[in-house]
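Reviewing the structure listed below.
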Amino acid sequence: MRSSDSPRHVNNLLHTLRGEQFRHSQNVRKDRTHLSSSHTHNSPTLPVSLIWPSELESEVESSPPSTSTETGDVAKVVAGPIPKSWALKANKNEHTTQTRREALSVVLSRLSGSKYISIDVPSEGSSPPTLTLLCLRLLLSLNSGPEFAEYIVPYLPPHLRRDLLRYTAVHSPLSNSKLYALCGPEGHADGELIVVGPQATLQADHFRKTTPHCGDQGPDGANLELAPGSVETDAEEGWDSLDDERSSPHPMRTFILFSCYISTFTLLTLPPTLTNLALVNLPSSVPLHRLPGICPLLSVLDLSYNNWLVSTGTLGKGGNPLDRVGWNRWNRLRVLALRGCHISVAISENINRGRWTDVEIIR
């Protein structure tokens, strides 16, 4: 054997012994990882992003999207495109603060004392959240489950529960447990109920369990005049007010339902005292033609982003549900929001037919 071949022969023997030792250790650990995939000699010691940052970025941009699932603090990345069923579910359940603010703006912007509710970061010319609201947010984040209903809600006056309900509807929708705990036995917070899905759902018998405050009733069984204490004012209420009038629940005047299902049975039990109603982005159609008899006092009605109201050829033989509504029965209606519905000119004319003052239609 030549002297030049001796070192190569020794290296081959060492390489063979190392390979056998590695395979033996793999068998002991019952690990089936292949040698070539787990034991490389030419891999860089520094992260690739530090060596070739531009190439890594271009590779990531050109690679197909990946999905990740989290279990505890460990994130697992799954390569490949997102299945259609996952994508549809994600698009259905993902609502940002901006989309919720826009969807709820028609009613919330017309409620007194709610100018600061939808502001996350104060902008120029806007009012920052009050100290009371900041404290309420902290209490809500530190208390969950039965603690929130047992130790926090009983000590919050109705108007503070109302403010917290408005804020969380935009920025951090509540779950069923916190939402209904905040509403209490009255079923609303100072005359308001906001249900934002998919975090929360509307209970089928919710309005049956609550007792409305009724005064003089008309032929439809509805309050024709609200109690004097239920009229909204622009005056700010004190955080520590214990006045009997402010502590007593008002009749329900505002109901907002966003991305949540409501059955016909539940719709028929809506309180007749409602003046503001929003049924936004509902997953299925509801009998709108029944609403004038159920809620005759409406002044603001928001039916935005409902696909079943779009004026296209897919509406079926029944036509657009808006055509069946008796608009002349809503004498107090002032604002109607139909954003994303693309209604026809004929429907607009039908809404304002025979009125002294036209309804403001928001498209």
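The values are calculated or read from the model by the stated rules, or taken from the named source; none is laboratory data. Since the model is a prediction, treat every value here as computed from it, not as a measurement. All Cβ positions, glycine included, derive from the backbone under ideal geometry; neighbour counts span all protein chains shown. The accessibility values were calculated without ligands, DNA or RNA, using every heavy atom of the protein model including side chains. Shrake-Rupley method; radii C 1.70, N 1.55, O 1.52, S 1.80 Å.
Across segment 187-208, the qualifying residues are those that are touching a Ser or Thr at 6+ places or on another chain (Cβ under 6 Å) and of a type in the set (D, E, K, R), and the one among them that is least open to solvent (accessible area, probe 1.4 Å) is Glu192. Restricted to segment 88-182, the set of helices (runs of 4 or more DSSP H) holding at least 3 residues that are more than 21 Å from Phe255 (Cα to Cα) and modelled with pLDDT of 90 or more is empty.
Considering only residues in segment 280-305 that are in contact (Cβ under 8 Å) with a residue 60 or more places away in the chain and not hydrophobic (A, V, I, L, M, F, W, C), the one that is surrounded by the fewest Cβ atoms within 10 Å (Cβ to Cβ) turns out to be Gly293. Number of residues in segment 159-175 that are buried (at least 21 other Cβ atoms within 10 Å of the Cβ) and of a type in the set (Ser, Thr, Tyr): the value is 2. Considering every residue within segment 260-270, establish whether at least one is assigned to a strand (DSSP E or B), open to solvent by less than 30 Å² (accessible area, probe 1.4 Å), touching a residue at least 60 places away in the same chain (Cβ under 8 Å) and closer than 16 Å to Leu104 by Cβ. Checked against the condition, which is being assigned to a strand (DSSP E or B), open to solvent by less than 30 Å² (accessible area, probe 1.4 Å), touching a residue at least 60 places away in the same chain (Cβ under 8 Å) and closer than 16 Å to Leu104 by Cβ, segment 260-270 yields no hits at all. Of everything in segment 1-24 that is at pLDDT below 80 and of a type in the set (Gly, Ala, Ser), the residue that is surrounded by the most Cβ atoms within 10 Å (Cβ to Cβ) is Ser6.
Tally up the residues in segment 334-347 that are assigned to a loop (DSSP other than H, G, I, E, B) and under 27 Å from the mean Cα position of the chain (by Cα), please.
Looking only at segment 334-347, we keep the residues that are assigned to a loop (DSSP other than H, G, I, E, B), and these are 334, 338-344.
Within this subset, residues satisfying the condition of being under 27 Å from the mean Cα position of the chain (by Cα) are 334, 338-343.
Of the residues in that region, 7 qualify.
Taking (1) acidic (Asp, Glu); (2) modelled with pLDDT under 95; (3) over 30 Å from Tyr155 (Cβ atoms) in turn, Glu245 satisfies each apart from (3).
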